[in-house]
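S.K.: Take this structure first; my questions come after.
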Amino acid sequence: DGVFIFDVSTPYKYENILADNAFVYEYDDLFLSWQNYFNKKTGLCDFYLTFFIKNGASWKRYDETQKQRKYALNRLEKMLAEAGLTVVETVSDIDFSPMAEDSDRCFFVCKKAKT
């Protein structure tokens, strides 16, 4: 009788926010350079991140790569149904605000389907 809740980036986010964009964040003890490459045909987004973290009087560099896949939200609902879960609700944030065309995240609230 539990609830399964998870979130994903929306197709809107992959296509309009992440896309092939670069981001730079600078703080007192952290510098981050983040480059994305999004392939619309495959739905894959490659992330290349370089962190510089302050370590006393010096800085230490860390490089990281990630790969994420874009899924249509209705495709995820179908996959959940195939796994025996019912989608109770989809919302765009942890405050349960409703989904909109430009929502960047989708939270799925699911329960085990009744048999």
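S.K.: Restricting to the range 65-97, and then to whatever is hydrophobic (A, V, I, L, M, F, W, C), open to solvent by less than 80 Å² (accessible area, probe 1.4 Å) and in a strand (DSSP E or B), can you tell me which residue is nearest to Asp20 (Cα to Cα)?
M.R.: So, considering only residues that are hydrophobic (A, V, I, L, M, F, W, C), open to solvent by less than 80 Å² (accessible area, probe 1.4 Å) and in a strand (DSSP E or B), the one nearest to Asp20 (Cα to Cα) is Val91.
S.K.: What single numbered condition from (1) under 25 Å from Leu73 (Cα atoms); (2) touching a residue at least 12 places away in the same chain (Cβ under 8 Å) fails to hold for Ile53?
M.R.: Result: Ile53 passes all but (1).
S.K.: Can you tell me which residues in the range 98-108 are open to solvent by less than 50 Å² (accessible area, probe 1.4 Å), outside any loop (DSSP other than H, G, I, E, B) and closer than 19 Å to Ile17 by Cβ?
M.R.: Hits for the range 98-108 are Cys106, Phe107.
S.K.: Hey, another quick one. Inside the range 16-64, counting only strands (runs of 3 or more DSSP E) that do not spill past its ends, which hold 3 or more residues that are surrounded by 14 or more Cβ atoms within 10 Å (Cβ to Cβ) and modelled with pLDDT of 95 or more?
M.R.: Because the criterion is at least 3 residues that are surrounded by 14 or more Cβ atoms within 10 Å (Cβ to Cβ) and modelled with pLDDT of 95 or more, the strands (runs of 3 or more DSSP E) in the range 16-64 that meet it are 30-39, 44-55.
S.K.: Among the residues of the range 5-15 satisfying the criterion of being of a type in the set (A, V, I, L, M, F, W, C) and exposed (fewer than 15 other Cβ atoms within 10 Å of the Cβ), which is nearest to the chain's Cα centre (by Cα)?
M.R.: Per the criteria, the residue is Phe6.
The values are calculated or read from the model by the stated rules, or taken from the named source; none is laboratory data. For clarity, every value in this text was computed on a predicted model and none was experimentally measured. Glycine gets a Cβ as well: all are built from the backbone with ideal geometry, and neighbour counts include every protein chain shown. Surface areas here come from the heavy atoms of the whole protein model, side chains and all, with no ligands, DNA or RNA. Shrake-Rupley method; radii C 1.70, N 1.55, O 1.52, S 1.80 Å.
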